[in-house]
1. Within the stretch 68-170, what whole-number % of the accessible surface is contributed by carbon and sulfur, with the 1.4 Å probe and all protein chains included in the calculation?
2. When the convex hull of the Cα atoms of the stretch 89-166 is projected onto a plane and the area is averaged over all directions, what value comes out in nm²?
3. For the chain, report the accessible area per residue in Å² (1.4 Å probe, heavy atoms, rounded to an integer).
4. Looking only at Cα atoms, what is the convex hull volume of the chain per residue, in Å³?
5. At 37 °C and 0.692 mPa s, grab the translational diffusion coefficient of the stretch 1-89 from Stokes-Einstein with a Kirkwood Rh over Cα pairs, rounded to a whole number in µm² per second.
6. How high is the relative contact order of the stretch 1-57, given as a whole-number percent (alpha carbon pairs under 8 Å, six or more residues apart)?
7. Can you list the equivalent-ellipsoid semi-axes of the stretch 70-124, largest first and in whole Å, using the square root of 5 times each Cα gyration tensor eigenvalue?
8. Summarise the accessible area of the stretch 1-59 (1.4 Å probe, protein heavy atoms) by the percent that is carbon and sulfur.
Amino acid sequence: MTFNATILIVPGLGNSGELHWQSLWEKQFNFPRVQQLDWETPDCADWVETLEAAVKQHNPENLILVAHSLACVTIAFWAAKYNRRIKGALLVAPSDTEAASFPEGTSGFRPIPLLKLPFPSVVVASDNDPYMELVRAEYLSKQWGSSFLNIGAAGHINVAAGFGEWPQGLALLQQLDSGVESKRLTS
């Protein structure tokens with residue numbers, strides 16, 4: 001499997017451990033990774049600026065962001081601030097930073113921006129994610145202008161939910177890379 005675009009891995013709260021699908025993809029394909037300064041008690045403004053610095057190291061028109069959890073919301077804040085066009089974004093298991101169940105310790109990640117993203121994107125969600133109700137994920141995807149894919153009972157789409165290499169995600173990424181219209185992405 002090869003990719004035409006530069007794929008930038010954007011982990012969420014706590015970073016993605018070595019067995020997380022993001023880390024496995026990073027190693028397998030030598031994808032660059034955003035390195036936030038504070039993975040445990042992040043500040044939204046800091047995360048947005050770190051993301052912007054990472055994006056500026058690449059050709060934005062040939063860049064796909066692959067985000068998990070809190071990184072999905074970070075990308076929404078980044079897009080609202082910079083309105084930068086990129087090739088696309090795969091937004092997996094976004095966390096609802098406005099929910100009472102969201103972990104404490106973060107700052108500045110609410111309210112979640114509801115502006116249309118200026119690039120193609122797909123939100124991948126689960127109907128039993130403890131960090132985002134399915135109806136809320138679908139609502140955010142509509143607001144962001146993203147296509148939406150419910151992959152069923154998949155928890156937070158991470159190692160704890162049984163996800164390792166996640167070939168279905170790679171197939172979605174390949175579709176996004178090939179320029180398939182985001183509304184037509186399928187599992």
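The values are calculated or read from the model by the stated rules, or taken from the named source; none is laboratory data. Everything numeric in this text was worked out from a predicted model, so none of it was measured. What goes into the accessible areas is simple: the full protein's heavy atoms, side chains included, and nothing from ligands, DNA or RNA. Shrake-Rupley method; radii C 1.70, N 1.55, O 1.52, S 1.80 Å.
1. Exposed carbon and sulfur together represent 52 percent of the surface.
2. Mean projected area for the stretch 89-166: 5.5 nm², to one decimal.
3. Ligands and nucleic acids excluded, the result is 45 Å² per residue.
4. That works out to 101 Å³ per residue.
5. Diffusion coefficient, whole number: 251 µm²/s.
6. 33 percent
7. In descending order the semi-axes read 21, 12, 8 Å.
8. On the stretch 1-59, the fraction of accessible area on carbon and sulfur atoms equals 47 percent.
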